[in-house]
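K.L.:
The structure that follows is given in the form of structure tokens.
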Amino acid sequence: MRHFLIIAHKALTTGDFSLNDMPGSAGRMDILCRCINTSLFLSHDMRRDVQVHLVLLGDPDPGKIVRFDGETLRYLSPDERSSGSLIKKALQKTAGDMEVRSTPGVFIRRGGLDTLLSEFKKHGVNLIYLREDGDDIRTTDEPLDNVVFILGDHVGVTDEEEELITAAGAKLLSVGPLSLHSDHCITVLHNEIDRRTYT
Ligand SMILES: C[S@@+](CC[C@H](N)C(=O)[O-])C[C@H]1O[C@@H](n2cnc3c(N)ncnc32)[C@H](O)[C@@H]1O
């Protein structure tokens, strides 16, 4: 199983945003839509062994986790409006501590980075924090299966979040020397693991 965790500092946390203005009033929701697409889509198929966890920290109700589960996901098509609409439907649900399903394969609950880190640790999932100055993914000995890849958004990761991530025992890996968009990192990650897995 491959997990992707994206920390979205500005993403709106209610479902009343316009699909016509996801980069603006929805708090860079477009970034999350692209991350969902690159995490889950193959050409004419879907990666069923992938889960995406969006940690939404924007106004007006920060601290929500939206999860996309590749195995049971339905009604997602590759355009950004489609993933935006599934996030919007999830945010229209009342989020409590227990996860609720909004549409097939999409779930919402209350929680933050700390919630997910402790759950992944408890379930023995390897934590990898993506950062430009980490060890090169091409030469690392770290196992890249049963792993969660943790990425920031357009503003990166705060010092406080980095402390939580490193205290949880995450290894730092880099996908290359330049700073890439989060969704582009996901494409590279898939490619590196696919090469190890299928060739
Ligand atoms: C657009 S970048 C963040 C840029 C932000 N201005 C900053 O300085 O942190 C989004 C995320 O992608 C990941 N990232 C970008 N380039 C990377 C690279 N070369 N290797 C590993 N992770 C990378 C990091 O997790 C980063 O937080």
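K.L.:
How do 131, 138 rank when sorted from fewest to most other Cβ atoms within 10 Å of their own Cβ? Intermediate results must be reported in sequence, preceding the final value.
P.N.:
Numbers: 131 20, 138 11.
In increasing order of surrounding Cβ atoms, one gets 138, 131.
K.L.:
Determine which residues of the range 84-115 fall in the zone a paramagnetic label at residue 19 would reach in this model, i.e. backbone nitrogen under 18 Å from the point 7 Å along Cα→Cβ.
P.N.:
84-93, 102-107
K.L.:
Across the range 2-110, how large is the tail of the calculated P(r) beyond 17 Å, expressed as a percent of all Cα pairs? Walk me through the numbers on the way to the answer.
P.N.:
Values: 2689 of 5886 pairs.
The calculated P(r) of the range 2-110 puts 46 percent of pairs beyond 17 Å.
K.L.:
Just rank 29, 98, 46, fewest to most, by other beta-carbon atoms within 10 angstrom. If you can, show how the numbers build up before the last one.
P.N.:
Numbers: 29 29, 98 8, 46 17.
Ordered by Cβ neighbours within 10 Å, fewest first: 98, 46, 29.
K.L.:
Let me ask another. For the chain, I need the span (max minus min coordinate) of the C-alpha atoms along each principal axis, in Å, sorted largest to smallest.
P.N.:
Its Cα atoms span 45, 40, 32 Å along the three principal axes.
K.L.:
Counting other Cβ atoms within 10 Å, which GluC sites (Glu not before Pro) in the range 9-99 have at most 12 and lie in a DSSP loop?
P.N.:
Values: sites: 71, 80, 99; in loops: 71, 99.
Those that pass, being in a loop and sparsely packed, are 71.
K.L.:
OK, next. Stretch residue 1-residue 121 to full length: gain in nm at 0.36 nm per residue minus the Cα-Cα span?
P.N.:
Working: separation 120, 0.36 × 120 = 43.20 nm, distance 1.46 nm.
Taking residue 1 through residue 121 to full extension adds about 41.7 nm, to one decimal.
K.L.:
Pulled fully out, how much extra length does the chain show between residue 101 and residue 59, if you take 0.36 nm times their separation in residues and subtract their Cα-Cα distance?
P.N.:
On the way: separation 42, 0.36 × 42 = 15.12 nm, distance 2.21 nm.
That works out to 12.9 nm of additional length.
K.L.:
Return a whole-number percent for the relative contact order of the range 2-110, with Cα pairs under 8 Å and 6 or more residues apart as the contact set. The partial results should precede the final answer.
P.N.:
Values: 233 pairs, mean separation 31.3, N = 109.
Averaging sequence separation for qualifying contacts and normalising by length gives 29 percent for the range 2-110.
K.L.:
Have a look at 44, 184, 123 and tell me which one the Gaussian network model of the chain (Cα, springs below 10 Å) gives the largest fluctuation.
P.N.:
Between 44, 184, 123, it is 44 that shows the largest mean-square fluctuation.
K.L.:
When the Kirkwood hydrodynamic radius is evaluated over all pairs of different C-alpha atoms of the range 113-198, what value in angstrom, to one decimal, is obtained?
P.N.:
Working: mean 1/r = 0.0752 Å⁻¹.
After inverting the mean inverse Cα-Cα distance, the result is 13.3 Å.
Taken together, the values in this text are just the output of simple stated rules run on the coordinates, not laboratory data. Note that this is a predicted model, so its numbers are computed, not measured. Virtual Cβ from ideal backbone geometry, glycine too; neighbours counted across all protein chains shown.
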